[in-house]
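Worksheet for the structure shown next.
The values are calculated or read from the model by the stated rules, or taken from the named source; none is laboratory data. These numbers come from a predicted model, not from an experiment. Surface accessibility is based on the protein's heavy atoms, side chains included, excluding ligands, DNA and RNA. Shrake-Rupley method; radii C 1.70, N 1.55, O 1.52, S 1.80 Å.
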Amino acid sequence: MRAAAAGPEQQREIISKRLLRAMALLVASSLALVTYARVTDRPLEAQPVDGEIAQERVIHVFADMSGAAQILDANGSLIADLPPTQGGFIAGVWRAVVFERQKAGVDPDAPVRLMRFADGRLALRDEIGGTRFELIGFGPDNAAAFARLLNE
């Protein structure tokens, strides 16, 4: 047995006008704040403070779209040669690094610093492109992919 269809009066009351106005105000406020921040070049404030570095390694990453990645140390020695099934996250992060470097007009093949802080956080720093990636934000399994590079 089917329920009777709601009439036009009931359909109009699903979302009240007050709620719609509040949502529109929220969107407009968000856009105004972002516009102000971009126009005034406000610095990023939600970046974690760098603590004491417990472990650090300069790495060169060579990755392709399949997810395969080769990681070399500062001397050019092979740290890891990862197939697409194991290197997907590292290759994906590297594509983001390369994208930011291309926007900045700098060398896309320069090395980056992989760091573990005393509090256990992992970070990838690209001084050339000016970007930083807090790797724990991608989940513990993905951060572990980079953590293994510090220990090999």
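Looking at Glu45, Glu52, can you tell me which residue is within 20 Å of Thr131 (Cα to Cα), charged (D, E, K, R) and modelled with pLDDT under 85?
Details: Glu52 fails: modelled with pLDDT under 85.
Result: Glu45 is the single residue among Glu45, Glu52 that is within 20 Å of Thr131 (Cα to Cα), charged (D, E, K, R) and modelled with pLDDT under 85.
Out of the residues in region 15-45 that are among the charged types (D, E, K, R) and assigned to a helix (DSSP H, G or I), which is most open to solvent (accessible area, probe 1.4 Å)?
Result: Arg18.
Residues of region 94-113 being of a type in the set (Lys, Arg) and open to solvent by less than 70 Å² (accessible area, probe 1.4 Å), which ones?
Restricting attention to region 94-113, the residues satisfying the condition of being of a type in the set (Lys, Arg) are 95, 101, 103, 113.
Matches in region 94-113: Arg101, Arg113.
Filter region 114-142 down to the residues that are open to solvent by 70 Å² or more (accessible area, probe 1.4 Å), among the β-branched types (Val, Ile, Thr) and not in a loop (DSSP other than H, G, I, E, B) and list them by number.
Selection gives Ile136 alone.
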